[in-house]
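Written out below as structure tokens is the structure these notes cover.
The values are calculated or read from the model by the stated rules, or taken from the named source; none is laboratory data. Here the structure is a predicted model, which means the values were calculated and not measured. Cβ: placed from backbone, ideal geometry, glycine included. Neighbour counts: every protein chain shown. Areas reflect the complete protein model, heavy atoms only, side chains present, ligands, DNA and RNA absent. Shrake-Rupley method; radii C 1.70, N 1.55, O 1.52, S 1.80 Å.
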Amino acid sequence: MPTITEDSIRSLASFRGEGVPVTSCYLNVDGRRFVRHADVEAQLDALLRSARSRVNGTASVHDDLQRMERFVRAGLDRSRTRGLAMFSCAPRGLWKVVPLPVPVRSRVVINEQPAVGQLESVLQDHPRFGVLLVDRQRIRVFVFDLGELAEHSELVDDLPRDYDHRGERERGDVAPHVDALLHQHLKRAAEVAFAAYQTHGFDVLSLGAPDQMASEAEGLLHPYLRERLCGRIDVTPSASIDDIRRAALELEERHERKVEAERVSALRDAVGARRRAISGLKDVLAAVNDHRVDRLLVSDGFGTEGWRCGGCAALFAVGRACKRCGETMAVVEDVVEDAIDVVLADGGNVDVCVGSADLDVLGRIGAFLRY
């Protein structure tokens with residue numbers, strides 16, 4: 001399954017149709033909800049029917065929609081794919097399909113550029129996750145990307161198991177020898193984890209080890225890895241990959257919610273102190289139009305109809321005449337999605353926050369500003 005990256009999303013967000021509409025389609029193909037392929041096709045039919053009614057005969061968009069329809073009807077391997085993102089602008093040579101291992105919100109967006117907001121949300125909610133598991137015999141390192149196993153390293157050390165018994169540790173100078181062997185074992189574990197980080201990279205790291213070993217193992221990690229630690233995972237090196245993945249994803253979700261809560265709290269404080277932060281759709285769109293947004297925070301599922309100027313491309317919550325250049329504006333299906341795309345194209349960051357009551361109070365959208 002192709003991996004989406006921040007760079008690939010930014011590259012897609014920077015694409016412009018140059019006067020020709022770009023069609024973006026997100027389709028939820030999760031087999032747990034849509035058991036039969038016919039159920040997926042029925043959902044697609046409804047989406048396309050709605051989209052065709054909005055485009056008023058625009059030939060290139062109809063071509064885009066037909067291309068998407070043909071792709072889905074040709075059949076999908078849904079054993080690992082639960083969401084699908086398709087982007088097309090036939091006259092400009094754009095055709096990109098991104099299968100995703102997570103569900104998406106089904107929608108079709110027709111705009112001047114690809115609607116990449118949901119891709120950004122997927123990437124933000126599923127950072128590349130490293131897992132280091134170690135006990136007295138085995139070292140295992142896993143890297144998960146969007147829940148899929150991207151790397152697996154393993155090392156077995158023949159440490160003397162018997163030395164760990166209390167009676168044998170009390171004999172002479174055996175204990176220092178055992179401690180030295182264990183230290184070397186944990187040092188190798190740190191080296192294996194850092195090698196995986198150098199080769200594949202990961203955003204966060206979790207550690208699974210017996211309590212009496214975990215603190216020493218953490219202390220031996222490279223500083224780059226220590227700063228990425230997000231907690232300990234309650235699985236052993238002998239666990240199955242499915243159990244390890246499940247535990248890692250649960251820890252990852254708790255970590256992401258914690259990071260989101262911290263950022264929303266910082267936004268709330270900065271807005272209250274008027275320190276380069278704003279909230280509410282009207283003010284955020286004004287900052288987006290000025291290309292001042294450094295980090296955008298949006299409540300998950302927040303979207304609303306808005307307006308885009310055909311002259312200066314400014315976004316507004318209400319229309320019809322542009323307050324910047326006076327040109328007539330056109331309705332856009334989701335002005336929040338458009339704002340996300342502009343921020344990404346400007347090199348800013350976007351956090352889609354799940355279940356944040358504090359952000360909802362702030363109008364479900366806010367931003368830290370560059371100036």
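Checking the structure you have, find out if any residue of the range 286-304 is out of contact with any Leu (no Cβ under 9 Å at 6 or more places or on another chain), in contact (Cβ under 8 Å) with a residue 60 or more places away in the chain and among the acidic types (Asp, Glu). Checking the range 286-304: at least one residue is out of contact with any Leu (no Cβ under 9 Å at 6 or more places or on another chain), in contact (Cβ under 8 Å) with a residue 60 or more places away in the chain and among the acidic types (Asp, Glu). Could you say whether any residue in the range 20-28 is touching a Leu at 6+ places or on another chain (Cβ under 6 Å) and within 14 Å of ARG82 (Cα to Cα)? Yes, the range 20-28 contains at least one residue that is touching a Leu at 6+ places or on another chain (Cβ under 6 Å) and within 14 Å of ARG82 (Cα to Cα).
The condition of being more than 17 Å from the chain's Cα centre (by Cα) and either β-branched (Val, Ile, Thr) or closer than 22 Å to ALA330 by Cα (or both) holds for only one of VAL108, VAL104, that being VAL108.
Free of Cβ contacts under 8 Å to residues at least 60 places away in the same chain and open to solvent by 90 Å² or more (accessible area, probe 1.4 Å): does that describe GLU218? Judged against the criteria, GLU218 is not a match. Per the listing ASP63, ASP30, the residue uniquely out of contact with any Ser or Thr (no Cβ under 6 Å at 6 or more places or on another chain) and under 21 Å from LEU123 (Cβ atoms) is ASP30. If only residues of the range 140-177 that are part of a loop (DSSP other than H, G, I, E, B) and under 30 Å from VAL122 (Cβ atoms) are counted, the one that is modelled with the lowest pLDDT is GLY147. Considering only the range 114-137, I want to know if a residue exists there that is assigned to a strand (DSSP E or B), open to solvent by 10 Å² or more (accessible area, probe 1.4 Å) and more than 24 Å from ARG257 (Cα to Cα). Looking for residues that are assigned to a strand (DSSP E or B), open to solvent by 10 Å² or more (accessible area, probe 1.4 Å) and more than 24 Å from ARG257 (Cα to Cα), one finds none in the range 114-137, hence no.
Tallying residues that are of a type in the set (Lys, Arg), out of contact with any Pro (no Cβ under 8 Å at 6 or more places or on another chain) and closer than 15 Å to VAL102 by Cα within the range 31-45 yields 1. The range 258-371 holds helices (runs of 4 or more DSSP H) entirely within its bounds, and those carrying 1 or more residues that are more than 25 Å from HIS126 (Cα to Cα) and open to solvent by 40 Å² or more (accessible area, probe 1.4 Å) map to 281-289, 357-361.
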